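**Student:** I'd like to ask some things about the structure below.
The values are calculated or read from the model by the stated rules, or taken from the named source; none is laboratory data. Since this is a predicted model, take the numbers as computed values, not measurements. Backbone-built Cβ (ideal geometry, glycine too); neighbour counts: all protein chains shown.
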Amino acid sequence: MNFFKKLSLRSLGSFFAVIALSLTSCLNASEEKHGDKFVVGTTSGYAPYVSLNAQGEYEGFDIDLAYLIGKRLNREVVIRDLGSMPSLLVGLKKKKIDAIIWAMSITDDREKEMDMIYYQGDKICEMPFVFWKQVPKGVEKIEDLAKVPNCTICVEAGSYQDSVLQKYPDLKVRYLDKIADSILELKYRKALSTVLDNSLIELLQSQYKDLKVLNLPLPSDQRSLGNGICIHKENSELTQKINLIVADLIAEGEIAKLEKKWNLTH
């Protein structure tokens, strides 16, 4: 009888040990170990930074940059498409990816949440609002748009532009996933305006001749310091390595070559 009691106790102990191990595994499941891989989070549909070609392969400025960095890190690059800005941020927070490379604007708020390494783009002191054929009269600052009849503004959820528009609660905002979708919204009069990254304006105007742009000033606390590579704050070693790599790529003219290749204005 004592033997069976001891056996039960041992079994019970083993049972709880398994449960504890399972719980630990669940808690740590979000923190993937990538070993010799450089896992880059991004999202297609943001040409010329990231898009899919006819063969279904990822291409663009940020894809080329990711492979340049991966080569200098001596790691295999893995591109992980997470579908949207919010998903990218969650993926980085849970360490599903090593970095976000997706033309993410550097802002004070974002730098509080993650490390951001500048690699491309100018400081943004004004924001381009894009219209179809005609710019409404009397608009000199962002808050003036709320006075325009039927003014719906398209923006990508979680983007830098979204963070700016959230400062203006009187504006009517429509969230879309793709740049092409926002252009169609304008063309078919479902929205009055859309806000885009400055570097995309010239390319889009060459494709859509009816686009008109109005640049509106930004308060100092809403400005962007260019595009940055996002890395988890706990991964300081990777941040230091990529910081040095990007500095070398800029000094060697590699970033400028990519800008020329992908028709990005600087």
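**Student:** How many of the residues making up region 223-266 are without any contact (Cβ under 8 Å) to a residue 60 or more places away in the chain and either polar (S, T, N, Q) or touching a Leu at 6+ places or on another chain (Cβ under 6 Å) (or both)?
**Tutor:** Counting residues in region 223-266 that are without any contact (Cβ under 8 Å) to a residue 60 or more places away in the chain and either polar (S, T, N, Q) or touching a Leu at 6+ places or on another chain (Cβ under 6 Å) (or both) gives 1.
**Student:** Applying the selection to region 157-203, what residues are among the small types (Gly, Ala, Ser) and either in a helix (DSSP H, G or I) or within 21 Å of Asn263 (Cα to Cα) (or both)?
**Tutor:** Initially, region 157-203 is screened for residues among the small types (Gly, Ala, Ser), giving 157-159, 163, 180, 182, 191, 193, 199.
Of everything in region 157-203, those that are among the small types (Gly, Ala, Ser) and either in a helix (DSSP H, G or I) or within 21 Å of Asn263 (Cα to Cα) (or both) turn out to be Ser163, Ala180, Ser182, Ser199.
**Student:** When you scan region 36-125 for strands (runs of 3 or more DSSP E) that lie fully inside it, which ones turn up with 3 or more residues that are basic (Lys, Arg) and touching a residue at least 60 places away in the same chain (Cβ under 8 Å)?
**Tutor:** Result: empty, no element qualifies.
**Student:** In region 183-201, which residue that is touching an Asp or Glu at 6+ places or on another chain (Cβ under 8 Å) and modelled with pLDDT of 90 or more is farthest from Ile100 (Cα to Cα)?
**Tutor:** Lys187
**Student:** Across region 139-156, what is the total count of residues that are part of a strand (DSSP E or B) and over 19 Å from Asp109 (Cβ atoms)?
**Tutor:** 3
**Student:** Here is a further query. Within region 205-240, how many residues turn out to be among the small types (Gly, Ala, Ser) and over 24 Å from Ile183 (Cβ atoms)?
**Tutor:** Final tally of qualifying residues: 4.
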